[in-house]
Amino acid sequence: MKIIKTNWINIIGVFIAVFLYAIVLNLIDTNVSRNVFQSVLPALILVCLYGLVFWVLLILLLVILDLLLIVKKTSNLRVKLLIEWLIIGSPFTYWAVRYGQGIFIAGVISLLITQFIRWKHIKAVLKAN
């Protein structure tokens, strides 16, 4: 159960990356002139509400794949985390290509980075037990 609790690293990391991407996207939009403060609220709405399907799918897949791959047997942890990233990142990469939404690529890249950060935390949790 402690391994599943490390998913907060992925959720926070992906949220920050996608939120910053949305702010930058709002700032460089040539159709509307906005300052930084006017870009934060639309970015928050985009990430939280429009991205609701993204968040539900991400959290469900993280928990399910942790239960299937990692909790039972923790050997080859780095490989299992990479497999988890490939499985989770595949639909989002497809959506990015299919619909031309770069925000999904930002989420997939940040998920990879947070998987490596999470790997260190999982190793620490396993050593503590």
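Read-outs: derived from the displayed coordinates by stated rules, not from any lab. As the structure is a computational prediction, the values presented were derived from the model and not from experiment. Cβ sites come from the backbone with ideal geometry, for glycine too, and all protein chains shown count toward neighbours.
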Among Ile113, Val71, Gly51, which residue has its Cα positioned farthest towards the positive end of the charge dipole of region 4-128, with +1 placed on the Cβ of Lys and Arg, -1 on the Cβ of Asp and Glu, and the dipole taken about the Cα centre? Val71
Taking the Cα-to-Cβ direction at Val36 and at Arg98 and moving 7 Å from each Cα, how far apart do the two end points lie in nm? 3.7
Using the membrane-span-like helix rule (whole DSSP H runs, Cα extent along the own axis of at least 20 Å, mean Kyte-Doolittle hydropathy at least -0.5), which helices of the chain qualify? 7-27, 77-99, 102-128
Charges at C-beta only: +1 for Lys and Arg, -1 for Asp and Glu. How large is the resulting dipole of the chain about its Cα centre, in Debye rounded to 20? 680
Ignoring trypsin sites (Lys or Arg not before Pro) that are buried or in helix or strand per DSSP, and keeping those with at most 16 other beta carbon atoms within 10 Å, what is the longest stretch of the chain between them? 74-129
Extension gain from Val79 to Leu126, taking 0.36 nm per residue of separation minus the Cα-Cα distance: 15.3 nm
Provide Ser90, Ser110 in ascending order of the number of other Cβ atoms located within 10 Å of each residue's Cβ, fewest first. Ser90, Ser110
Mean Cα-pair separation over length for the chain, i.e. relative contact order, pairs under 8 Å, 6 or more apart, %: 40
